[in-house]
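Here's the structure, in structure tokens; my notes come after.
The values are calculated or read from the model by the stated rules, or taken from the named source; none is laboratory data. What you see is a predicted model; the values in this text were computed from it and never measured. Here Cβ is always computed from backbone atoms with ideal geometry, including for glycine, and neighbour counts include all displayed protein chains. What goes into the accessible areas is simple: the full protein's heavy atoms, side chains included, and nothing from ligands, DNA or RNA. Shrake-Rupley method; radii C 1.70, N 1.55, O 1.52, S 1.80 Å.
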Amino acid sequence: SSIRRNLQRFYLEELTNIALDPNSAWLPGPVRTLARHHVGRLHDRLKAFLGDHAASLDAYTRSHLEECRTLLAKTLEATFQLGGQSGGTFLFF
């Protein structure tokens, strides 16, 4: 349903924000670490599910799941700047 898809999209966006947002420094480090862990697990599960079931999904569901997988993959690969004007980058790996 569209409500479920919207909820899933909101959850992924919040998880991504927690994992990557340098302005979330008020969060304890383990929270960001766990968010990143969940991003990786969800990405792996979606990749496996789509590999096994993509042909049997309707186009709307398949495109939603592929979009979610793409967001998760980009989150895993993301770099961002820390320290304001210092110009330094931090790479999650």
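Observations on the structure shown:
- If you go through segment 64-93 and keep only what is more than 18 Å from Ala19 (Cβ to Cβ), modelled with pLDDT under 50 and open to solvent by 70 Å² or more (accessible area, probe 1.4 Å), you end up with Gln85, Ser86.
- Close pairs (6 angstrom Cβ cut-off, 6 or more residues apart or separate chains): under 14 Å from Tyr11 (Cα atoms) and of a type in the set (Gly, Ala, Ser) in segment 29-44, assigned to a helix (DSSP H, G or I) and open to solvent by less than 80 Å² (accessible area, probe 1.4 Å) anywhere: Ala35/Leu15; Ala35/Ile18; Ala35/Ala19
- Within segment 1-52, the set of residues being open to solvent by less than 40 Å² (accessible area, probe 1.4 Å) and not in a helix (DSSP H, G or I) comprises Leu27 only.
- Being surrounded by 11 or more Cβ atoms within 10 Å (Cβ to Cβ), in a helix (DSSP H, G or I) and modelled with pLDDT of 85 or more is a property that does not hold for Ala55.
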